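Working notes for the structure below.
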Amino acid sequence: MNIILLGPPGAGKGTQARFLEEKYGMLQLATGDMLRAAIRRAEPIGVEAKKIMDQGKLVPDQLMIKMIEVSIEHPACTRGFILDGFPRTVPQAEALDVMLASRHKKLDAVIELSVDEATLIERISGRFICAKCGAGYHDKFMPTKVPGVCDECGNKEFIRRPDDNAEVLKTRLKAFNEQTAPILPYYKGKNLLHIVDGMASMKEVQEKIESILEMAKKS
């Protein structure tokens with residue numbers, strides 16, 4: 001099974017991708033992580049991308065497609081892939097289709113995790129973790145049992161991700177919506193788009209995605 005997983009920061013894409021990897025043997029291809037890794041390892045694609053990025057330019061679609069093309073031929077993708085972070089535009093979606101067809105592959109589903117933005121901002125902006133053991137907490141939904149003390153290790157120092165704040169999240173959500181909106185009609189026209197309530201419980205989201213994939217297998 002080959003799918004695209006769409007959703008803004010905090011929608012739970014990472015959690016669902018891990019579930020799909022474990023259950024179906026699919027491999028998550030997070031293009032941002034892949035690009036950073038290619039640059040760090042000084043791979044040919046990474047070297048080329050870094051030169052472009054150092055000039056303050058965006059990595060061209062052709063290079064991103066090539067990176068995905070190389071990745072999907074890896075043995076780890078034998079049972080399918082979960083594409084995360086690409087495509088973001090209709091030309092990218094069209095180029096992806098052409099590349100997959102040249103490899104005798106296709107997309108089976110495009111799944112968007114839909115969220116309530118106000119709730120999502122509240123969910124993310126309250127997150128913090130123990131600086132020592134990494135245990136995660138939330139100001140409102142999951143505070144420490146003893147104020148200021150980690151439940152797991154007793155440490156009293158905590159940290160928050162610098163981008164886990166309302167203003168940064170609003171900017172990232174706006175960018176996601178603007179970038180993603182154009183490709184939704186494209187995939188809807190191909191009968192590939194499925195919208196899942198990302199605010200439901202983790203189990204409910206998993207079950208819904210499972211049902212989508214089972215239906216896709218039969219089509």
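The values are calculated or read from the model by the stated rules, or taken from the named source; none is laboratory data. Bear in mind that the values here come from a model prediction, so they are computed numbers and not experimental data. When we count neighbours, we look across all protein chains shown, and the Cβ atoms used for this are built from the backbone with ideal geometry, even at glycine.
Name the single residue, out of those in region 173-219 being of a type in the set (Phe, Trp, Tyr) and within 22 Å of Gly14 (Cβ to Cβ), that is surrounded by the most Cβ atoms within 10 Å (Cβ to Cβ). Outline the logic, then answer.
Taking region 173-219 first, the residues of a type in the set (Phe, Trp, Tyr) are 176, 186-187.
Filter again for within 22 Å of Gly14 (Cβ to Cβ), leaving 176, 187.
Details: Phe176: 18, Tyr187: 21.
Looking at residues that are of a type in the set (Phe, Trp, Tyr) and within 22 Å of Gly14 (Cβ to Cβ), I get Tyr187.
Identify all residues within region 1-43 that are assigned to a loop (DSSP other than H, G, I, E, B) and not basic (Lys, Arg); write none if there are none. It would help to see each step written out before you state the result.
Of region 1-43, the ones assigned to a loop (DSSP other than H, G, I, E, B) are 1, 7-12, 25-26, 41-43.
Selection gives Met1, Gly7, Pro8, Pro9, Gly10, Ala11, Gly12, Gly25, Met26, Ala42, Glu43.
Taken over region 174-198, the residue count meeting the criterion of being among the charged types (D, E, K, R) and modelled with pLDDT under 90 is 2.
Every condition in (1) β-branched (Val, Ile, Thr); (2) under 22 Å from the mean Cα position of the chain (by Cα); (3) part of a loop (DSSP other than H, G, I, E, B) holds for Thr119 except the one numbered (3).
Here Gln55 passes the criteria (1) more than 20 Å from the chain's Cα centre (by Cα); (2) without any contact (Cβ under 8 Å) to a residue 12 or more places away in the chain; (3) under 25 Å from Ile195 (Cα atoms) except the one numbered (3).
Within region 88-116, the set of residues being assigned to a loop (DSSP other than H, G, I, E, B) and either touching a Ser or Thr at 6+ places or on another chain (Cβ under 9 Å) or hydroxyl-bearing (Ser, Thr, Tyr) (or both) comprises Arg88, Thr89, Asp108.
Under the condition of being out of contact with any Phe, Trp or Tyr (no Cβ under 8 Å at 6 or more places or on another chain) and farther than 30 Å from Pro91 by Cβ, which residue from region 152-163 is surrounded by the fewest Cβ atoms within 10 Å (Cβ to Cβ)?
As a first pass, look at region 152-163 and keep what is out of contact with any Phe, Trp or Tyr (no Cβ under 8 Å at 6 or more places or on another chain): 152-157, 161-163.
Adding the requirement that they be farther than 30 Å from Pro91 by Cβ leaves 152-157, 161-162.
Values: Glu152: 14, Cys153: 12, Gly154: 11, Asn155: 14, Lys156: 13, Glu157: 9, Arg161: 11, Pro162: 7.
Filtering first and then ranking leaves Pro162.
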